[in-house]
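As structure tokens, the structure follows; a few thoughts come after it.
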Amino acid sequence: MSVFSTDKAPGSTAFVPPYPPRLPSPPSTLRRILIARRDFLEMWEEQAFDLEFSHSRMFLRQTFLCNSPESVQFAFSQKNGSFQRKSPQMRYALEPLLGDGLFISDGRTWRTRRKMVAPIIHVSKIREFAPIMVQAAIETRDRWAAAAGSSIDVLAESAKLTAEIICRTVFGSQLGHNYAEQIVRGFSDYQHSIDQIDVTSFLGLPDWFPRWRSGRLRKNVRQIHAVLDEVIASARKRASDGEPSVINHLFEARDEKGRPLNRKALRNETGVLFMAGHETTANTLAWTWYLLSQASDVEAKLHAELDAVLGSRTPTLNDVPQLVYTRAIVEEALRLYPPVPILPREAIKEEEFHGVRIPKGSLLFVVPWLLHRHRKLWDLPDHFIPERFLPENREKISKFAYVPFSIGPRICAGATFGLTEAILCLATLAQKFQLRLKPGHTVKPVCRLTLRPEGGLPMTVHPRTLGSPQASTETPVPAAVCPFNHAQ
């Protein structure tokens, strides 16, 4: 039974955003791996969007797909201790850069770091950092005003905005601004250098078996580590200036024995915070702007809310609870295009689910890309309908059916930070602008580590004024003529 009912009937005018063609039948193991090396989104067959729990084998590894609220709760909440370890692919992809950082560690290391890091970016700290978010958005607003009428790459612009926010939040306003571009470039190069699939792990070879890494990747790691070491050292010298920053809190953090983070641990956790706080929110904002450009009714409702709540003033953290439709738009963008669309884990002990044995060493997948478009969980699952997340409907959605930030003990510690950041940035910019997709551009979602529009997102900037929801005379491109839309 669907967790959401809507008056948008099949054939309605609600926008259906593009998604890759779905395979007509399950592919062979080899073909699935070959497709996944190109794009994680294209390897799924049509029936995968109806599966609830399934078992298969990839070479010598048994794999399990958890694709229902019950199975997700089992794996990520009830039996989290058995499935807390990230998959070999994720660990080997990120370990060179993040070491034993919170994102890929497990066991005692993860528990210790989580207790040290989570309070620093807890919801109670948002008030400290919200002004930084708004200030960076204002600077972007001024830059877009100068570019009115011209085309910008919204993915690149969103990345620049969120990089400024996370750098200033982590390192302080001055240091963050000075180093933001270097760190963004380094992380982007790294993502393009890593292998998409770790075939070695599917062959059942042990963790100690060496994995090949390219010279380009090793160079990227050295460059990023050098910049992070430099900015951490500079931040330590400025620690007494009283400016709010995550790094100052990390300097003060202590484990249960009163020990501070050592140099490598500081660098690793800083890298995790930057990676998680920059890339994912940037992609979410980019997808949100694209979705708005194709759904004029949703865009009009957004503008009406912004005009009613804010008028002409800049939003603050106190406005976020009143921006209910703005939030719903962001949450629906996260449903359709979850930044990390596959959450893989490795079983560290044997378990059983509904009589099915899950051996130690097998791989278990929770796939937001499938779960968020599951035909038994969502009405019109491929349609863009923000109303799903309005307060009167949001409570009908199981928290184990909607997991853009994961769920359970390993839920993203910065989930509230990222959602608040997206809402404030969208509100600040949508007050003043509409964006329209460049004519003729094909939007194609693709996933390597994260889900982003392939080749960027060229859009034209159109100013709007208070009370003028349709400042642009351009017509959004209808879904039916989008050459990558396979939902018709």
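From the list 419, 377, 429, 390, which residue is at pLDDT 95 or above and surrounded by fewer than 17 Cβ atoms within 10 Å (Cβ to Cβ)?
So the residue among 419, 377, 429, 390 that is at pLDDT 95 or above and surrounded by fewer than 17 Cβ atoms within 10 Å (Cβ to Cβ) is 390.
Pairs only if they're at least six apart or on different chains, beta carbon under 9 angstrom, first in region 330-352 and under 16 Å from residue 452 (Cβ atoms), second in a strand (DSSP E or B) and of a type in the set (Val, Ile, Thr); list them, first residue then second.
The qualifying pairs are 342/366.
In the set 472, 468, which member is part of a loop (DSSP other than H, G, I, E, B), within 16 Å of residue 290 (Cα to Cα) and modelled with pLDDT under 90?
The conditions single out 472.
Of all residues in region 241-270, which are surrounded by fewer than 13 Cβ atoms within 10 Å (Cβ to Cβ) and part of a helix (DSSP H, G or I)?
241, 252, 263 - these are the residues of region 241-270 that are surrounded by fewer than 13 Cβ atoms within 10 Å (Cβ to Cβ) and part of a helix (DSSP H, G or I).
Return only the number of the condition from (1) buried (at least 24 other Cβ atoms within 10 Å of the Cβ); (2) more than 25 Å from residue 403 (Cβ to Cβ) that residue 274 does not satisfy.
With (1) buried (at least 24 other Cβ atoms within 10 Å of the Cβ); (2) more than 25 Å from residue 403 (Cβ to Cβ) applied to residue 274, the lone miss is (2).
Could you tell me which numbered condition residue 396 fails, if it satisfies all but one of (1) modelled with pLDDT of 95 or more; (2) out of contact with any Leu (no Cβ under 9 Å at 6 or more places or on another chain); (3) not hydrophobic (A, V, I, L, M, F, W, C)?
With respect to (1) modelled with pLDDT of 95 or more; (2) out of contact with any Leu (no Cβ under 9 Å at 6 or more places or on another chain); (3) not hydrophobic (A, V, I, L, M, F, W, C), residue 396 is out only on (1).
Can you name the residue in region 401-416 that is closer than 26 Å to residue 375 by Cβ, touching a residue at least 60 places away in the same chain (Cβ under 8 Å) and out of contact with any Ser or Thr (no Cβ under 6 Å at 6 or more places or on another chain) and, of all such residues, is surrounded by the fewest Cβ atoms within 10 Å (Cβ to Cβ)?
The qualifying residue surrounded by the fewest Cβ atoms within 10 Å (Cβ to Cβ) is 406.
Any residue in region 233-245 that is within 21 Å of residue 417 (Cβ to Cβ) and in contact (Cβ under 8 Å) with a residue 40 or more places away in the chain sitting within a Cβ distance under 6 Å of a residue that is surrounded by 13 or more Cβ atoms within 10 Å (Cβ to Cβ) and not aromatic (Phe, Trp, Tyr)? List the pairs, counting only those 6 or more apart or interchain.
Correct list of pairs: 235/175; 235/247; 243/172; 244/128; 245/172.
Checking the conditions here, which among 48, 75 is touching a Phe, Trp or Tyr at 6+ places or on another chain (Cβ under 7 Å), surrounded by 17 or more Cβ atoms within 10 Å (Cβ to Cβ) and not polar (S, T, N, Q)?
75
Out of all the residues in region 104-115, which are at negative phi, surrounded by fewer than 22 Cβ atoms within 10 Å (Cβ to Cβ) and not polar (S, T, N, Q)?
Selection gives 106, 108, 110, 111, 114, 115.
State all residues of region 10-39 that are closer than 13 Å to residue 445 by Cβ and in contact with a Leu (Cβ under 8 Å, 6 or more places away or on another chain); if no residue qualifies, say none.
17, 19, 20
In region 362-373, what residues are touching an Asp or Glu at 6+ places or on another chain (Cβ under 7 Å) and either in a loop (DSSP other than H, G, I, E, B) or at pLDDT 95 or above (or both)?
Selection gives 373 alone.
Considering each residue of region 424-465, count those that are within 25 Å of residue 311 (Cβ to Cβ), of a type in the set (A, V, I, L, M) and not in a strand (DSSP E or B), and give that number.
Final tally of qualifying residues: 5.
Is it the case, given these coordinates, that residue 101 is under 26 Å from residue 268 (Cβ atoms) and surrounded by fewer than 19 Cβ atoms within 10 Å (Cβ to Cβ)?
no
In region 222-240, which residues are surrounded by 18 or more Cβ atoms within 10 Å (Cβ to Cβ) and either closer than 16 Å to residue 99 by Cα or of a type in the set (S, T, N, Q) (or both)?
The answer is 224, 225, 228.
Of all residues in region 16-30, which are of a type in the set (A, V, I, L, M, F, W, C) and at pLDDT below 95?
30 - this is the single residue of region 16-30 that is of a type in the set (A, V, I, L, M, F, W, C) and at pLDDT below 95.
Confirm whether residue 36 is surrounded by 18 or more Cβ atoms within 10 Å (Cβ to Cβ) and in contact (Cβ under 8 Å) with a residue 40 or more places away in the chain.
Yes.
If I filter region 380-399 down to residues being in contact with a Phe, Trp or Tyr (Cβ under 8 Å, 6 or more places away or on another chain) and part of a loop (DSSP other than H, G, I, E, B), which single residue comes out as nearest to residue 116 (Cα to Cα)?
397
Looking at (1) assigned to a helix (DSSP H, G or I); (2) modelled with pLDDT under 80; (3) within 26 Å of residue 96 (Cα to Cα), which one does residue 168 not meet, given that it meets all the others?
(2)
Scan the helices (runs of 4 or more DSSP H) fully inside region 74-153 and keep the ones with 1 or more residues being within 30 Å of residue 61 (Cα to Cα) and in contact (Cβ under 8 Å) with a residue 24 or more places away in the chain.
Counting at least 1 such residues, we get 88-98, 107-117.
Out of the residues in region 136-178 meeting the condition of being closer than 20 Å to residue 461 by Cβ and among the polar types (S, T, N, Q), tell me which one is surrounded by the fewest Cβ atoms within 10 Å (Cβ to Cβ).
Once the filter is applied, the top-ranked residue is 150.
The values are calculated or read from the model by the stated rules, or taken from the named source; none is laboratory data. Remember, predicted model here, so these are calculated numbers, not experimental data. Counting neighbours? That spans all protein chains shown, and the Cβs are built from the backbone with ideal geometry, glycine included.
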